Amino acid sequence: MAEKRSLNKVIIKSEYSRRFPDPMNENVTTDSLNIEHHILLSRAVNVPSGIPKSPNPREQRIDKGIYKKVKESLQSIEDLSFHLKNKGITILAHQVEYSTDKKIATVYFGGNDGIADGGHTYEIILATQADGTCPEGQYVKFEVITGVPQEMAVDITGGLNTAVQVDDASLMNLEGKFDWVKEVLKKEPYAEQISYKQNEEGMFDIREILGIMTLFNVNKYSYPQHPRDAYVSKAKCLDLYEADPDSFKMLKPLLRDILCLHDYVHIMSRKRRNEIEGGRTAGMTGVYATKKRGDYEFIFMGNKEASQLSGGKLDAKLYDGALYPMLGAMRFLVEQKPGEKVYSWKLKSFAEVKSFFDEIAPELVNTTYNTSLTYGRKPNPIGKDENHWDNMYKTVAWRFMTKHSSK
């Protein structure tokens with residue numbers, strides 16, 4: 001009883017109920033299982049609020065086309081087959097208790113329990129209840145699964161969510177695989193601008209962050225290999241991370257610097273080339289994207305600092321095809337010092353890294369522009385050109401070795 005008092009509970013009214021054990025209970029030869037399925041057929045108007053959604057890896061957005069059709073189906077008075085067309089709501093829970101007539105189910109939830117699949121259906125039902133458009137005759141099916149070991153919960157959630165694809169990043173976030181990234185960035189002003197699961201708002205998602213980290217993963221991309229995957233395939237970067245997260249975690253001390261450098265390269269490549277060459281780099285079609293109105297956002301540096309650096313204008317930025325080889329070439333400045341388990345800069349500070357880029361930026365921009373001319377000033381082929389990646393890397397390496405290696 002003491003344990004039950006510590007759990008949250010929600011009451012679900014059910015017109016029809018059924019309960020049965022899972023066959024795994026008898027087929028598993030190691031640890032004993034006591035998994036049970038509880039099928040509840042409830043009137044949609046009686047679906048309670050307050051059911052937690054802890055296991056669900058997606059944010060619910062019911063304004064998309066597919067969910068508008070679900071809502072229309074639910075709101076139909078003439079067609080009361082919603083429960084047959086919709087697969088319903090699946091819940092992972094601690095325990096279910098029934099009233100004597102089995103028309104009321106009390107569902108108990110632990111801290112990690114809740115809706116594993118059907119979160120959008122749940123939100124649609126609550127929305128129609130709120131606006132008074134939920135017919136009395138529509139039903140929804142609940143399947144409440146109890147007794148699921150925690151280590152199985154993530155796999156179950158992933159399997160259930162294949163109807164509307166849950167991207168792998170969402171599931172990895174559910175497993176806590178990005179917690180260290182969140183911890184490193186939690187005090188940064190842009191922390192809330194990074195999304196870690198599907199449909200979560202943010203200017204960058206975790207796949208893009210991993211892509212930027214891939215550029216500096218010298219464990220995976222030691223010369224003569226180049227991290228083109230960072231530009232070509234964010235999915236490949238996610239696979240690399242999942243296969244070997246430790247190689248990415250070695251970048252932990254540099255992560256904030258690397259993200260700042262991402263913005264710094266956008267701004268200072270243009271400024272330094274203009275200062276040295278006396279030209280307008282914003283006119284380099286295929287290298288820089290420009291805005292006629294408004295400014296680009298540079299969240300990792302902050303628009304105030306970015307504006308000060310650029311001289312007040314944030315109307316241009318590098319295309320990704322131009323940015324990634326340039327930024328990736330800077331990985332030459334990353335090393336693993338003897339006896340250390342993390343990466344650090346070869347230079348003494350991040351300030352020196354930025355100064356180094358200031359020195360070499362005009363040459364990197366000119367090389368990028370020349371490559372763009374080869375492809376008719378199109379940025380996408382630049383990011384895929386292995387020779388261009390190689391030239392950018394060699395340029396950084398040569399400058400470092402001739403001017404900084406003796407320091």
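Per-structure values
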read-out: Residue 288 long-range amide H proximity, modeled H, under 5 Å; value: 319
read-out: Dipole of the chain, positive end: most advanced residue of 8, 240, 190 [Cβ charges, Cα centre]; value: 190
read-out: Relative contact order (%) - criterion: Cα under 8 Å, at least six apart; region: the chain; value: 13 percent
read-out: Candidate aspartates and glutamates - alpha carbon under 13 Å from residue 317, same-chain residues fewer than 8 apart omitted; value: 263, 295, 297
read-out: Cα-based shape type of segment 202-289, given that a ≥ b ≥ c are square roots of the gyration tensor eigenvalues and the cut on a/c is 1.5; value: prolate
read-out: Whole-Hz ³J(HN,Hα) from phi, Karplus 6.51 cos²θ - 1.76 cosθ + 1.60, for segment 208-222, glycine and proline x; value: 5, 5, 5, x, 5, 5, 4, 4, 10, 7, 6, 5, 8, 10, 8
read-out: Residue of 135, 253, 149 that the Gaussian network model of the chain assigns the largest fluctuation, springs spanning Cα pairs under 10 Å; value: 149
read-out: Apportionment of accessible area to carbon and sulfur, the chain, percent (1.4 Å); value: 47 percent
read-out: DSSP-loop GluC sites (Glu not before Pro) across segment 317-362, with at most 12 other Cβ within 10 angstrom; value: 340
read-out: Sparse-neighbourhood loop sites, GluC sites (Glu not before Pro) in segment 70-136 - DSSP loop, at most 11 other Cβ within 10 angstrom; value: 78, 136
read-out: Out-of-range pairs (alpha-carbon distance over 22 Å; input 182/341; 85/141; 177/236; 220/252; 53/141; 182/313); value: 182/313
read-out: Charge dipole (debye, nearest 20) of segment 220-307; +1 at Cβ of Lys and Arg, -1 at Cβ of Asp and Glu; value: 420 debye
read-out: Hull volume in cubic angstrom per residue (convex hull over the Cα atoms of segment 292-407); value: 137 Å³
read-out: Charge dipole magnitude, Cβ of K and R +1, D and E -1 - the chain, Cα centre, debye nearest 20; value: 1380 debye
read-out: Peptide ranges 214-221, 289-296, 302-309 listed from the most packed, as the mean C-beta count within 10 angstrom indicates; value: 214-221, 302-309, 289-296
read-out: Per residue value of the accessible surface for the chain (all protein chains in place, 1.4 Å probe), Å²; value: 49 Å²
read-out: Value of Rg to Rh for the chain (Rh from inverse mean 1/r over Cα pairs, i.e. Kirkwood); value: 1.10
read-out: Taking segment 229-347 and dividing mean pair separation by its residue count, relative contact order in percent (alpha carbons under 8 Å, at least six apart); value: 30 percent
read-out: Cross-link reach list, aspartates and glutamates versus residue 13, counting only Cα pairs under 16 Å and skipping chain neighbours closer than eight places; value: 97, 101, 136, 143
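The values are calculated or read from the model by the stated rules, or taken from the named source; none is laboratory data. In this text, all values refer to a predicted model and were calculated from it rather than measured experimentally. Every residue, glycine as well, gets a Cβ built from its backbone with ideal geometry; the counts of neighbours run over all protein chains shown. Accessible surface areas use protein heavy atoms only, side chains included; no ligands, DNA or RNA. Shrake-Rupley method; radii C 1.70, N 1.55, O 1.52, S 1.80 Å.
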